[in-house]
Amino acid sequence: MEYSMIPEIGHFALILALGVSIIQGVLPLIGAQQGRREWLVLARPATQISFMLLAISFCVLAWSFYVNDFSVLYVAEHSNSQLPTVYRLGAVWGGHEGSLLLWIFLLTGWAFAVAQLSKTLDEFMVARVLGVLGLVATGLLLFVLATSNPFERLLPAAQDGRSLNPLLQDPGLVFHPPMLYMGYVGFSVAFAFAIASLLTGKLDAAWARWSRPWTTTAWIFLTLGIALGSWWAYYELGWGGWWFWDPVENASFMPWLIGTALLHSLAVTEKRGGFKNWTVLLAIIAFSMSLLGTFLVRSGVLTSVHAFATDPRRGIFILILLSLVVGSSLFLYALRAPRSTLGGAFSLMSRETLMLLGNVFLVVAAASVLLGTLYPLLIDALNLGKISVGPPYFNAVFVPIMVPVLFLLAIGPWASWKSTNLVALLKRLWLAAVIALVAAILIPRMMGEFTILTALGFLLSFWIIASGVLQIIRQFKVGKPTRSFIGMQLGHVGIAVFVIGVTMVGAYQEEKDVRMAPGDMVSVGGYQIRLVEVRPAQGPNYQATRGTFELGRHGTVEEFLYPEKRNYDSSTMPMTEAAINAGLTRDIYVSLGEPLEGNAWAVRVYYKPFVDWIWGGCLLMALGGFFAVMDKRYRLRLQK
Amino acid sequence: MKAKFVIPLILFVVLVGFLAVGLNRDPREVPSPLINKPAPAFKVPQLADPSKSFSPADLKGQVWVLNVWASWCVACREEHPMLVEMSKSQVAPLIGLDYKDKRADAMEMLVRQGNPYNLSALDNDGRVGINYGVYGVPETYVIDKAGIIRFKQIGPITKDVLEKSIYPIIAQLNKE
Amino acid sequence: MIKKLLPCLGFCLFICFAHAQEATPLAADPALEQRLISISEEMRCLVCQNESLSGSRSELAQDLRREIRDLIKQGKTDAEIRTFMVDRYGDFILYRPPVKPTTWLLWMGPFVLMIAGIAALLMYLRRRNTQVTSTTLSDDENKRIDALLRDDK
């Protein structure tokens, strides 16, 4: 039988890329240290070649999936000829080896972008930044080639593949991992800049200026990636939850929290030259969290619905990689950080202090999530037994820590740099306070139930929105707002919108588990849902039972809903595909359960008020980040 | 002032230490809180003759082994030869608890693969299993003369487990 | 969270959907089900990879939910039901870790960190202000030195 040689090209490209990465990582760094120009200048071309090789490798893998080449083991394990094309491509990153290839591909992509957009940056700095990125890529390529080669062959080839887990056969798979990895990997740039500046011994405002747009861009992707994952879980899993504090979710949330702190810290370092050590440390920690997350998901130390097939041998390798990268960075930090200069003075009451305070809370929040996620492991390692730390813990601990952050959010932008009169500032916000209090008291009453927690949610979110509106009004009196300003407003309002969504859904959602025969009706949230019929249906690689439901109010039918119960050819577990009628102010969610006697079905219906504001808020935040990056002062760089 | 900059590195090293230890642990294994506690009482019909019943009290005064199994469980079928070997060595009575199974299927498996059990009892609705903290068959308990659970094996019994854990503990309990 | 019910409105609309019949709740006793859900939501399904006992579709989860239902009917309190589960499966089955010496670090940790963080921040700010003011002083000193040098000539 003839086997294609194309996968071998992909494999070879990786090996070449390893060689190039070593050159990219080692020579420019030594060159910068010793002043050897001929080694410095290798950085850019090496980065470019690296990226092209990874692109080839990635495209080869994608091609293997596209043409159903089951002589490649990874393709045979994760794909199937009956799988729709779009999911065959998504399956490229549906497993450990392929998703790791995506990781490295994106890493070289970011490095390539830095190489192309840094023409005005001092070449010693460029060499160091690209060098660090090269070292990271080297480590990961070694890992892939040694333990996780996606191009391993299966000879003789399988007749057909094992197919993709039905849960992953969804548009969510196509977008969520790439977005998420763009975020994770993007923090490597801020990391590289931080290491480079520690190496030069020059921690100054210029470094912060360069780092900022890269960090913001990575943050945008991470925000979108997490939001997509949450939304996907919500509509795919069938019971309407949107966050489970699962270890893998936490692994993505911790870098986000640190990244948010980093964004704000970079702003201060750029403007006022302060917090340099702290910002550098945060940049190191943010990327370390990305690497830690990668370790947690692939090593088997934690139980998670998301975990890839685990292999302790891989775990050891990633742990060594993690130790080397993070350990050496923190060592460098301990050596060099004390040398940096202090930056401008500021009084106890100033914007700097408020931002630093916000940072403290964000870092404590991230540390708490880390503590909760790793605690079972800690207790087990000390032979003190086995415990579980789940949502009740995280909710109890996370919410109180975030309350001060939300409170400060509304105040910070009003404070002036260097020194601010806190009392005068609060006087300006009296209107916002009033609006917040009114909202906190009125809205729960209107929705039908008042609790302290829901009131707090509305208090904080309206406090932030009202403060934002007042800021915008004040700004328009002074002149046209900068994109940076718009970005800040969108970002902050985005959080408030998010909080409104969470509060509304948490407090006022309704759920009913009922028995329905055709013609039966159930009411929820002021809507009526009537079962019309249930009949079989056919999909490209599954058989289904499909229900037709009418959704209406006041006697008129407004929409139809078609939930399904699917039996995929490749899986024995039936899958529930819920039907959602989404709206600006509510989702109606219908899930088809088990068949019952008497031609009836178990049906679960949800009324979820304002649930889409959760992800809408995330979108606003990401949009805010986009405006911030597009600010005019960064245009100069892009023009070159 | 210099010392504080080393703190992140120290914290990280401690973290890596724990993660390294964690690599050798199985986060999904649920250790039993019933070790050194009395074996929960129950009374269920025997598999072969439903008119007769079985209860742990029947074996008071002996060291015995309770093996929770089922015909639908793949790992149980893999473990079965080890149980046959153990029953041949006659170190302790081996009682089977057939968990959430159909009598016909269970009897058929015993015929096909051999019957290592002195007797098997049928736990139809899984209630006995719950009282014993069973969460995934096969699971095996070693119970001493006073009716106290002294050892639990989660997962199939391998040759290693038999020789390094089960035989030694039975020998030790017999001396008591 | 207690559901907001609109029985009156529902009834009126029920009349509008003339030939429709109101679906019966799946559970025999919805109030009991509510309690079951709130208890089992805080427990782990032992056979699944990180799902709660309330949502899991595995057989063991169904059996354990049946047990909890029976215990509720027997009039047991939430604490007694939790103890029942922990006696058989250990603390691992609880998603809300019990507060005992081994979990003090877990429960106290975040708040200790928060206080430590704020304290460290205040100390840092105080020290920073004195350091920065001392450099400004030396600027003044430099000016005095210049003045003195000029005077010397």
Checklist entry - So which of A:61, A:53, A:18 ends up being in contact with a strand residue (DSSP E or B) (Cβ under 9 Å, 6 or more places away or on another chain) and at pLDDT 95 or above? => result A:61
Checklist entry - In this structure, does residue A:130 turn out to be more than 17 Å from residue A:290 (Cα to Cα), buried (at least 23 other Cβ atoms within 10 Å of the Cβ) and among the aliphatic types (A, V, I, L, M)? => result yes
Item to check | Extreme residue, nearest to the other protein chains (Cβ to nearest Cβ), among residues of the range A:555-603 that are closer than 18 Å to residue A:534 by Cβ and basic (Lys, Arg) | outcome: A:565
Checklist outcome for this item: In the range A:337-349, anything in contact (Cβ under 8 Å) with a residue 24 or more places away in the chain and more than 9 Å from chain B (Cβ to nearest Cβ) is listed as A:339, A:340, A:341, A:342, A:343, A:344, A:345, A:346, A:347, A:349
Checklist entry - Could you say whether any residue in the range A:318-325 is within 8 Å of chain C (Cβ to nearest Cβ) and free of Cβ contacts under 8 Å to residues at least 24 places away in the same chain? => result no
Item to check | Filter pass, residue A:65 being closer than 18 Å to residue A:6 by Cβ, hydrophobic (A, V, I, L, M, F, W, C), crowded, with 23+ Cβ neighbours inside 10 Å and out of contact with any His (no Cβ under 7 Å at 6 or more places or on another chain) | outcome: yes
Item to check | Complete set of residues in the range B:15-28 that are over 16 Å from residue A:289 (Cβ atoms) and more than 7 Å from chain A (Cβ to nearest Cβ) | outcome: B:17, B:24, B:26
Next on the checklist: If the requirement is being β-branched (Val, Ile, Thr) and under 13 Å from residue B:70 (Cβ atoms), which of these qualifies: B:142, B:161, B:134?
Outcome noted: B:134
Checklist entry - Do the conditions hold for residue A:370, that is, is it part of a helix (DSSP H, G or I), facing another protein chain (nearest Cβ under 9 Å) and hydrophobic (A, V, I, L, M, F, W, C)? => result yes
Checklist outcome for this item: Scanning the range A:373-392 residue by residue, the ones that are assigned to a helix (DSSP H, G or I), within 9 Å of chain C (Cβ to nearest Cβ) and in contact (Cβ under 8 Å) with a residue 24 or more places away in the chain total 2
Next on the checklist: buried (at least 21 other Cβ atoms within 10 Å of the Cβ) and either at pLDDT 95 or above or outside the structural domain of residue A:221 (by TED's automatic domain parsing) (or both): which single residue out of A:583, A:617, A:593, A:598 fits that description?
Outcome noted: A:617
Checklist entry - Hey, residue B:137 hits all of (1) assigned to a helix (DSSP H, G or I); (2) within 14 Å of another protein chain (Cβ to nearest Cβ); (3) aliphatic (A, V, I, L, M) but one; which does it fall short on? => result (1)
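Residue by residue, here is whether (1) in contact with a His (Cβ under 6 Å, 6 or more places away or on another chain); (2) at pLDDT below 85; (3) within 11 Å of another protein chain (Cβ to nearest Cβ); (4) within 30 Å of residue A:520 (Cα to Cα) holds:
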residue: C:21; (1), (2), (3), (4): no, yes, yes, yes
residue: C:41; (1), (2), (3), (4): no, no, yes, yes
residue: C:47; (1), (2), (3), (4): no, no, yes, no
residue: C:55; (1), (2), (3), (4): no, yes, yes, yes
residue: C:58; (1), (2), (3), (4): no, no, yes, yes
residue: C:67; (1), (2), (3), (4): no, no, yes, no
Item to check | Lone qualifier among B:160, B:98 - being outside any loop (DSSP other than H, G, I, E, B), surrounded by 20 or more Cβ atoms within 10 Å (Cβ to Cβ) and either acidic (Asp, Glu) or touching a helix residue (DSSP H, G or I) at 6+ places or on another chain (Cβ under 9 Å) (or both) | outcome: B:98
Item to check | Positions within the range B:119-134 being buried (at least 18 other Cβ atoms within 10 Å of the Cβ) and either at pLDDT 95 or above or within 14 Å of another protein chain (Cβ to nearest Cβ) (or both), in sequence order | outcome: B:123, B:126, B:128, B:129, B:130, B:131, B:132, B:133, B:134
Checklist outcome for this item: Checked A:191, A:221, A:151, A:187 against criteria (part of a loop (DSSP other than H, G, I, E, B) and either closer than 30 Å to residue A:4 by Cα or not assigned by TED's automatic domain parsing to the domain that holds residue A:568 (or both)); the one match is A:151
Item to check | The listed residue being within 25 Å of the chain's Cα centre (by Cα) and under 30 Å from residue A:443 (Cα atoms), out of A:553, A:604, A:586 | outcome: A:586
Checklist entry - Can you find a residue in the range A:425-445 that is surrounded by fewer than 20 Cβ atoms within 10 Å (Cβ to Cβ) and either touching a residue at least 60 places away in the same chain (Cβ under 8 Å) or within 18 Å of residue A:502 (Cβ to Cβ) (or both)? => result no
Next on the checklist: List pairs: first residue in the range B:70-85 and farther than 18 Å from residue B:126 by Cα, second residue among the polar types (S, T, N, Q) and crowded, with 22+ Cβ neighbours inside 10 Å anywhere in the structure, Cβ distance under 8 angstrom, at least six positions apart or on different chains.
Outcome noted: B:83/B:67
Next on the checklist: Show the residue pairs meeting these rules: Cβ distance below 6 Å; 6+ apart or different chains; first residue within the range A:142-163 and basic (Lys, Arg); second residue part of a helix (DSSP H, G or I).
Outcome noted: A:162/A:77
Checklist entry - What is the number of the single condition among (1) surrounded by 18 or more Cβ atoms within 10 Å (Cβ to Cβ); (2) over 27 Å from the mean Cα position of the chain (by Cα); (3) at pLDDT 95 or above that residue A:45 does not meet? => result (1)
Item to check | Residue ID - farthest from the other protein chains (Cβ to nearest Cβ), chosen from residues in the range A:288-317 that are surrounded by fewer than 19 Cβ atoms within 10 Å (Cβ to Cβ) and part of a helix (DSSP H, G or I) | outcome: A:313
Item to check | Number of the condition not met by residue B:31 [criteria: (1) closer than 16 Å to residue A:382 by Cα; (2) over 24 Å from the mean Cα position of the chain (by Cα); (3) part of a loop (DSSP other than H, G, I, E, B)] | outcome: (2)
Checklist entry - On the given criteria, is residue A:361 crowded, with 19+ Cβ neighbours inside 10 Å, more than 9 Å from every other protein chain (Cβ to nearest Cβ) and assigned to a helix (DSSP H, G or I)? => result no
Next on the checklist: Quick check on residue A:259: is it of a type in the set (Gly, Ala, Ser) and part of a loop (DSSP other than H, G, I, E, B)?
Outcome noted: no
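The values are calculated or read from the model by the stated rules, or taken from the named source; none is laboratory data. Treat the numbers as computed from the prediction; the structure is a model and nothing was measured. Reconstructed Cβ throughout: ideal geometry from the backbone, glycine too, with neighbour counts over all protein chains shown.
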